[in-house]
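What follows is a single structure, written as structure tokens, with notes after it.
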Amino acid sequence: MGAGLVPGYREVRQLGAGRTGRVFLATYQSTGAYVAIKYLNATLRRDDEFMSRYGAETPGLVEIDDPNVVRFYEYVETPTRTAVVMELVDGVSLRAILSEHRRTSPEAALVVLKGTLLGLAAAHERGIAHRDVKPENVLVQADGTSKLADFGLVVHVEEPGVPAGSPPYMAPELWTQGAAGVLADLYAAACVLFECVTGRQPYRAPDVAALRDKHLVEPVPVEVVPEAVRELLRRGLAKDPAGRPRSAREFAAELEVAAVTGFGAEWEKRGRRHLGELATLLALHYPLANPGSPQEAPVKGALVRQWRMPRLPPHLWIAGGALAATLIALLLSGGRLPDPGTFLAPPPRSPFELGATPVDSEPAATRRSTPKASRSAAPTPARTPAPTTAAPRTTTPRSTAPAAPPTPPPSPPPSSSAPSPTGTTGRAAALSPAVKSADIVTWSGSAGAVRIAAEGTGPVRLRVSYTRRDGEGPSRTLHEEVKQLSGKTSYTVALLRDLGTVACGKRAHFGLIVQTERAAANGPQISEVPVDGPPCESPSNRASAPTSSSTTAGVSPPASSSSTTAPATVPDPPSTAPAPRITSEPPTQEPEPDGNPTGEQASEGDLPRQEDS
């Protein structure tokens, strides 16, 4: 797209638009590092009260350096435009995940709430309230971590007498007094927890006036949530602010106790893994999935795009070319390494650590930021799909000190292996090959088969987790196993595991999670099947009637020895057998959650990406 309003940055493409403005993917021209730039809409710019408050809060926003918060780099204001430069989070919004998957596991919901509360705590301790906590403003990355975005960016609903905010998440004191602050943020965070575990917002109504009344007087509907989170929701959604935790950190401490009590010490690890899996399924919606292209349709042609050469940032092509040249020289030299000073690749650097300042092409612009240190001392912002944090851009005074030259990485130790007949060294041949796919071919609840396709015959680690979920309770991992595969490019692995019996008249769900190292191109695979226990007998017939049994989803009924009978072997499936990505029981029919079904950097836009609120 070319240069935009903010000097020194080059806009790549628009990520989305919503109530507060438009968000663009951009690069810092000196280094090529990616950032997100939000242009505030005219409604906010005409609101003198908002502009005055937001301008006063920007120094505090710059100072927030917390892994649970999207970093604020720079604020630029001209007579006609206002822009915010911030960290690019390569992930999707929680709204996109809920729109696609309806809800999360309770443990994953608690992981989201914990990250949100810690991010709020970092801001509250600097006197800054978020004012609009909602799923659109929570960004989830592939590793299951989340970041809270768009502090202070909140607009009025187009109805008289309604305060600024998002009505489904507004605390009673906001409706009656317009009192935004710490306790109102905690109420909104509790609303997000409720929506994650139930698939709907705590209160719904046909119009804003009716929704206001429900927030003010209707009891908290805790009977529809898992027991482990009921007390958290009673506290977080208390009508009286005095009944809520006094701070975000206090709420986070209460969450930790409730989570360990309800789900065990490993709750956060399981929750983050589940959340990361849900986010990974939407990886084609990530801002950097195809950064150099215009707006693309995220669904059509997805399978074709997976096999195209990725459009990487220039610094990665340079690094890759240097590495390839070094490997070729190593092979041609018969395994002898070049001189120790060989340059392989520069370390990634922040757009703000070089000390070089771009030439301002718009002298009328007013840049507001409060630096903590000079550019030469700042850490690195996000520039790859696994972003890192960065310090705010320094604008006043401008640093002119040159940065220290990068230190080349140490040369690898010499290899004693001679080149193989195929031209690869013994060390290279032992490397794990790329895994093209990992598919669950069949899973009955006790027996199944997994098919792995790799690009080479090197070692592939297959990790299999067996889970069980009784009724509407939480899913728990019963067993994990690792299988080492090598010598082929295609494997069919038989699985056999007794996950226990199911009581009469009850239903359980037996699950299978398959992952590989290196990670398969199609990501982790999940399959879950329902298993019914035998019908319960009446007391009068129990003495005379023979024991009956039933099976569901191909699982044998429990025998008198309380063990599940499973086939001893699993034959290879035919080559035409389907390999579904995720198999699960159809969800019960419930109303869809309110709100925009797309995810954004901040709010209701058109794309499930890092977009606007």
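The values are calculated or read from the model by the stated rules, or taken from the named source; none is laboratory data. None of the values given here were measured: they were computed from a predicted structure. Cβ atoms come from the backbone with ideal geometry, glycine included; neighbour counts cover every protein chain shown.
Details
- Failed condition for Thr104, given (1) within 28 Å of Ala519 (Cα to Cα); (2) in contact with a strand residue (DSSP E or B) (Cβ under 9 Å, 6 or more places away or on another chain); (3) hydroxyl-bearing (Ser, Thr, Tyr): (2)
- The set of residues in the range 517-531 that are buried (at least 19 other Cβ atoms within 10 Å of the Cβ) and assigned to a strand (DSSP E or B) comprises Gln525, Ile526, Ser527, Glu528, Val529, Val531.
- Residue count, the range 476-485 (criterion: under 30 Å from Ala434 (Cβ atoms), at pLDDT below 90 and surrounded by 15 or more Cβ atoms within 10 Å (Cβ to Cβ)): 1
- The residue list Arg126, Arg102 contains one member that is assigned by TED's automatic domain parsing to the domain that holds Trp267, closer than 20 Å to Cys196 by Cα and modelled with pLDDT under 95, which is Arg102.
- Selected residue (criterion: surrounded by the fewest Cβ atoms within 10 Å (Cβ to Cβ)) from residues of the range 434-458 that are without any contact (Cβ under 8 Å) to a residue 40 or more places away in the chain and either touching a strand residue (DSSP E or B) at 6+ places or on another chain (Cβ under 8 Å) or not assigned by TED's automatic domain parsing to the domain that holds Tyr491 (or both): Glu455
- Among the residues of the range 186-216, the ones that are more than 30 Å from Ser475 (Cβ to Cβ) and either touching a residue at least 40 places away in the same chain (Cβ under 8 Å) or not hydrophobic (A, V, I, L, M, F, W, C) (or both) come to 9 in all.
- Single match in Leu113, Leu61 (criterion: under 15 Å from Ala189 (Cα atoms), aliphatic (A, V, I, L, M) and within 25 Å of the chain's Cα centre (by Cα)): Leu113
- Picking from residues in the range 168-183 that are over 25 Å from the mean Cα position of the chain (by Cα), assigned to a helix (DSSP H, G or I) and of a type outside the set (Val, Ile, Thr), the one that is surrounded by the fewest Cβ atoms within 10 Å (Cβ to Cβ) is Gln177.
- Of all residues in the range 459-472, those that are assigned by TED's automatic domain parsing to the domain that holds Leu485 have Cβ atoms under 7 Å from Cβ atoms of residues that are aromatic (Phe, Trp, Tyr), 6 or more apart or on another chain, in Arg468/Phe510.
- Count of the range 123-165 residues, restricted to those that are of a type outside the set (D, E, K, R) and in a strand (DSSP E or B), is 7.
- Evaluation of Leu478 against the conditions (1) free of Cβ contacts under 8 Å to residues at least 60 places away in the same chain; (2) farther than 19 Å from Pro530 by Cβ shows that the sole unmet condition is (2).
- Helices (runs of 4 or more DSSP H) enclosed by the range 1-110 - at least 3 residues per element that are over 21 Å from Val155 (Cβ atoms): 48-63, 94-101
- Of all residues in the range 487-530, those being modelled with pLDDT of 90 or more and either among the hydroxyl-bearing types (Ser, Thr, Tyr) or not assigned by TED's automatic domain parsing to the domain that holds Val450 (or both) number 5.
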